[in-house]
Each structure stands twice: as C-alpha cells, then as structure tokens.
Ligand code: FAD
C-alpha cells in the first residue's frame, strides 16, 4: 500500500489513473468517510484570500477522529506526504492548503459532537472542530438559551480554524479570545494519536494547539465555556475626529469591571468623505439613519474614527437599559450628533457580518481576491501607527473596513502558542480589503508588505495576527523568545512535520528531521 501511494506521489499527473487510485486508497485505509481527487478547481486548492492555489493529491472527507488518525498515520509511513486540516478555507494566504498532499475537509465532521454539559454550576458545550460558529450559536441559543462568551465578527468560520489562531471580536477585552474560553480538546496529533487534553491533562499539547497554526494536531472536538444568552443587544456607533479621544474612550471602556461597561467594544477608521465603502456612509447602522457631516469640525483631518459598542439585555430589563446606556455614553467624548443606534436580537447582532456578506454577494460583482492584513500593535506604538499608516499610507481607505480596537493581554493565556506585543493594552488592526475595482492585487499585497516592513524598520512593538511569513528568519522574529518552545512542541507532537504545510513554518524532510523552511 505504501509503495503504491509512493508511486502516485511521484507520478501524480497521470490523471487517468487517479479514479482507480482513489477507490483503492479508500479501501486500504478503511475510511468511514470518503476521498476525492485533488483537483485544482476543488475547494481544497482555494481559500478566501484568493491569492494562492495549489493542487493537493487527495481531498479527504473524514467521518471523525479515527479517519483522521488513519490518514495521518498513512502520511507518516511515506517519505513526503503532508496533511492539512481545512476548516472553512477562510485563510488569506493558503494556510489550509497542502501541495501534493492530503487535505482533510473538517466540515464533514461538523455534526459529530454537540453536547450541552452543566458541570459544577457552569455550562459548556462540546462541539466538533469542523463545526461553524454560526451553527454553534443558533443551536446553543435555540435549544438551551446559552451561548459561547467570546466570538469572531464573522461566524462562517470553524471552531478548529479559529482556535488554531485565537478568535477575536469585541467581547475579547472581557473574556479573552476564543482560545481563552476552551477547557478541553480532542486532538489528532502529527503522530496520528487521538489525545484528549486540557489545562491539567496533556497540558503541553492543549496549550500548544491553541493558537498553534495547526502545527501540532487536528482539533476534532472542543469544550467551550458558555454564558446565559441575552435576548437583545443595543448596538451603538459614535464618531470621533481625534485619535487620542477615540483611544482614550475605548481604553476606558475595556478597563472597566463587568457590569460597569458595554459588553462589546470595537472600533474602526473611516475616511472623512462620502465614499460609499470607505467614508461617511459606512457608519450608520440603519438605512434610515443619515450621517450628517456638518457635525464634523472644519479642522478635522481626512481620517475619522468610529467606536462601536453593544449592551446586552434581557427583555425584562428593558426599562433600565436607557439609563445604563446613557450613563456610559455620557462619559464618552464623541462628536455630538454623530451617534447611530439600533436594538436587535442577540443572534441577529452576532450574525451581522454574515448578513453583510450576503448583501455584498447579492449586489456585488462576485468573489475577488482579499489581500487582508491583521496585526496586533502595542498601545505604546499605536499613535505612531495611526499617524503613519492610517493618516498617510491608507488615507484613502482600503475598500472595506479598517478595524482598530484595544485588547487586554491579561485575558490571554501565555501558555498558548499565540504571540502578542508587550504591555497590557494592545490594539488589533484589521485591514479588510474588499472592493475589486481599485488598484491591482499586486499593489495591495505590496502595500501590506510596505506596512509590515515599516513596522519592522521603526522597531514597532507588533505581531502579525493570522501570520504569513516567507522565511525562517521572519518566523523566528515573529515568535521571538517563544520560538524554541514552538520548535520543541513541533518535535513532540508532529516530529515528521506532516501537519499544516501551508503555514510555511516547517517543511517535511525525508530524513524525518524537522527543519524550519528556507525559501
Ligand atoms: P482555515 O482557513 O480552513 O484553516 C486555518 C488554519 O487552521 C490552517 O492552517 C488549517 O490547517 C488549520 N486548521 C483548520 N481546522 C483545523 C482543526 N480542526 N484543527 C487544527 N488545525 C486546523 N478571525 C478572528 O479572530 N476574528 C474575526 O472577527 C474574523 N473575521 C473573519 C471574517 C472573514 C470574512 C474571514 C475570511 C476571516 C475572518 N477571521 C477572523 C479569520 C479567521 O479566524 C481565520 O481565517 C481562521 O483561519 C478560521 O478560518 P477557517 O475555519 O476557515 O480555517
């Protein structure tokens, strides 16, 4: 069987033979799930970024952890096969791809686990690594009235995919990222072992996998902390012309105690003009609200800032909501007259970006490439970042949202594989480029590179989020003093460097010695 697969690997352009090969491999592996040829047009060779496309050997749709273990063990018996778990393919730079390798479609396992667990007065849900967060939300709320505490803005992402990065949204200032809201995982390691891990059981694997960029294991089940779901959310946007006032208020809100602040805090940068994607029209929450630019002072610059907050409530709390919200808003220094507010159900609020995506798909010209860039920037450098990047390099916008909001390092667990800037307060910056009719993709990618190079050159305290680097030196710099721990974890849990080759951190070597990639 192994010799047979070796032949396919070295002779994999013999398209006519592949159908037979698929069925033989499927039989020999004794999979409960199914296997398809790795076609360049198949989903395994594409991602949301649309910047890369590579052809895998096979796309595997496993039925669960046993199948995944068999696939990884099979790869380990060859000299060169790699395995990539693919969540929903929402990476930007081919991170879930495997050139000539085996791509595992985690979505086929999405229904394997869904168990509500009340334990010692707290509530948890066990879900599959391949489940979409939108399904976790709707099932948890409709069946149990509970919901995870920490989210991403957009929910058509998989549990395993976001936990392999961090999972950040406007609740993270209070509860930490999604990686801080998991108490147990089931993982298939790079040795093909199915292992349950937690803070106290196989803890090195548990913390390694969280934010581990898929390098140490495939997450097949996660136990997520829940909270009682509110019925409603008051969702508010207010506008600032000065960055210092925007950051002062955002930092004030994220450092207040629970019960003394909003339940969600985010923010974004927009252009001081009437451009439909980048300017004033991107602010109002309701088509009935108008952005009235006469409230903006004549001295304001070409860039403005919007603080986006939300307040959770139960229907029975309704009479007290105005007092609580107005009390909080009264402490902020936004431009008077520039406030937009709506009341929506909790699920509608959490599904807001999914709805926006549907609208774009319905009205837009289709899927273009998305050269997105995400960074964490330390509070100590954020004013410099605003001055150079937002006010200068990106003063005309990026054809989509430019998010910026503060997070607290103490809500992140240092034992996970995520790396952060120094200092308690840091900002997430997300440049979400959408419009296909602007500058060429090459220009946008070059602009991203220019921003990152500038950050490095001036010694900014920053890290890429959802990182993508080309050289070993870049990865070493990214991980800093955590690099040796990352390499040790690789040696322990995926010593043959089989997993997640699309991250370009390690490469599989026939001698079975893991080495960092050199390009
Ligand atoms: P994929 O892109 O398929 O995979 C990502 C990486 O994880 C790959 O290396 C893959 O091999 C690995 N992987 C996938 N599944 C598993 C698994 N079960 N076990 C181990 N490794 C696995 N991120 C945020 O934090 N906050 C946001 O608000 C946010 N919004 C987004 C909105 C959009 C429209 C998009 C496109 C992305 C957004 N992201 C956000 C980024 C998102 O977290 C990443 O794209 C992430 O990779 C999840 O996507 P995915 O589930 O499709 O995983």
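The values are calculated or read from the model by the stated rules, or taken from the named source; none is laboratory data. Owing to the predicted nature of the structure, the values given are computational and were not obtained by experimental measurement. Cβ sites come from the backbone with ideal geometry, for glycine too, and all protein chains shown count toward neighbours.
Key figures for this structure:
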quantity	calculated
Selection count, the range 64-86, where residues are closer than 29 Å to residue 464 by Cβ, within 12 Å of the ligand (Cβ to nearest atom) and more than 19 Å from the chain's Cα centre (by Cα)	4
Those residues of the range 361-382 which are surrounded by 15 or more Cβ atoms within 10 Å (Cβ to Cβ) and within 15 Å of the ligand (Cβ to nearest atom), in sequence order	368, 369, 370, 371, 372, 373, 374, 375, 376
Exclusive hit being part of a loop (DSSP other than H, G, I, E, B) and modelled with pLDDT of 95 or more, set 256, 298, 227	256
Residue check, residue 127 under 23 Å from residue 66 (Cβ atoms), touching a helix residue (DSSP H, G or I) at 6+ places or on another chain (Cβ under 8 Å) and not in a loop (DSSP other than H, G, I, E, B)	yes
Residue 254 touching a strand residue (DSSP E or B) at 6+ places or on another chain (Cβ under 9 Å) and within 16 Å of the ligand (Cβ to nearest atom)	no
Within the range 422-435, tally of residues that are surrounded by fewer than 21 Cβ atoms within 10 Å (Cβ to Cβ) and either away from the ligand (no atom under 15 Å from the Cβ) or under 23 Å from residue 383 (Cβ atoms) (or both)	5
Qualifying residue in the range 28-40 (condition: crowded, with 21+ Cβ neighbours inside 10 Å, farther than 28 Å from residue 196 by Cβ and within 16 Å of the ligand (Cβ to nearest atom))	yes
Residues satisfying the stated conditions in the range 441-467, i.e. in contact with a helix residue (DSSP H, G or I) (Cβ under 8 Å, 6 or more places away or on another chain) and within 19 Å of residue 214 (Cα to Cα)	463, 464, 467
Filter pass, residue 350 being under 30 Å from the mean Cα position of the chain (by Cα), within 16 Å of the ligand (Cβ to nearest atom) and touching a residue at least 40 places away in the same chain (Cβ under 8 Å)	yes
Hey, residue 331 surrounded by fewer than 16 Cβ atoms within 10 Å (Cβ to Cβ), modelled with pLDDT of 95 or more and not in a strand (DSSP E or B) or not	yes
Options 98, 44: the member that is near the ligand (Cβ under 9 Å from one of its atoms), under 30 Å from residue 446 (Cα atoms) and touching a strand residue (DSSP E or B) at 6+ places or on another chain (Cβ under 8 Å)	98
Sole exception among (1) within 11 Å of the ligand (Cβ to nearest atom); (2) touching a strand residue (DSSP E or B) at 6+ places or on another chain (Cβ under 8 Å); (3) under 19 Å from residue 130 (Cα atoms) for residue 89, by number	(2)
Selection within the range 323-347 - touching a residue at least 12 places away in the same chain (Cβ under 8 Å) and farther than 16 Å from residue 250 by Cα	324, 336, 337, 338, 340, 341, 342, 343, 344, 345, 346, 347
Test: residue in the range 397-411 that is under 25 Å from the mean Cα position of the chain (by Cα), loosely packed, with under 15 Cβ neighbours inside 10 Å and in a helix (DSSP H, G or I)	yes
Residue 499 under 22 Å from the mean Cα position of the chain (by Cα), within 16 Å of the ligand (Cβ to nearest atom) and under 25 Å from residue 425 (Cβ atoms)	no
Check on residue 448, away from the ligand (no atom under 16 Å from the Cβ), at pLDDT 95 or above and within 16 Å of residue 372 (Cα to Cα)	no
Selected residue (criterion: farthest from the ligand (Cβ to nearest atom)) from residues of the range 196-221 that are over 15 Å from residue 127 (Cβ atoms) and assigned to a strand (DSSP E or B)	198
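This table checks each residue for (1) within 11 Å of the ligand (Cβ to nearest atom); (2) under 25 Å from residue 428 (Cα atoms); (3) in the same structural domain as residue 189 (by the TED database).
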site	(1), (2), (3)
118	no, no, yes
121	no, no, yes
131	yes, no, yes
146	no, no, yes
153	yes, yes, yes
160	yes, yes, yes
163	yes, yes, yes
170	yes, yes, yes
174	no, yes, yes
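Each row is one residue, and each column tells you yes or no for (1) without any contact (Cβ under 8 Å) to a residue 40 or more places away in the chain; (2) surrounded by fewer than 23 Cβ atoms within 10 Å (Cβ to Cβ); (3) touching a helix residue (DSSP H, G or I) at 6+ places or on another chain (Cβ under 9 Å).
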{"position": "23", "(1), (2), (3)": "yes, yes, no"}
{"position": "56", "(1), (2), (3)": "no, no, yes"}
{"position": "76", "(1), (2), (3)": "no, yes, no"}
{"position": "81", "(1), (2), (3)": "no, no, yes"}
{"position": "90", "(1), (2), (3)": "no, yes, yes"}
{"position": "96", "(1), (2), (3)": "no, no, yes"}
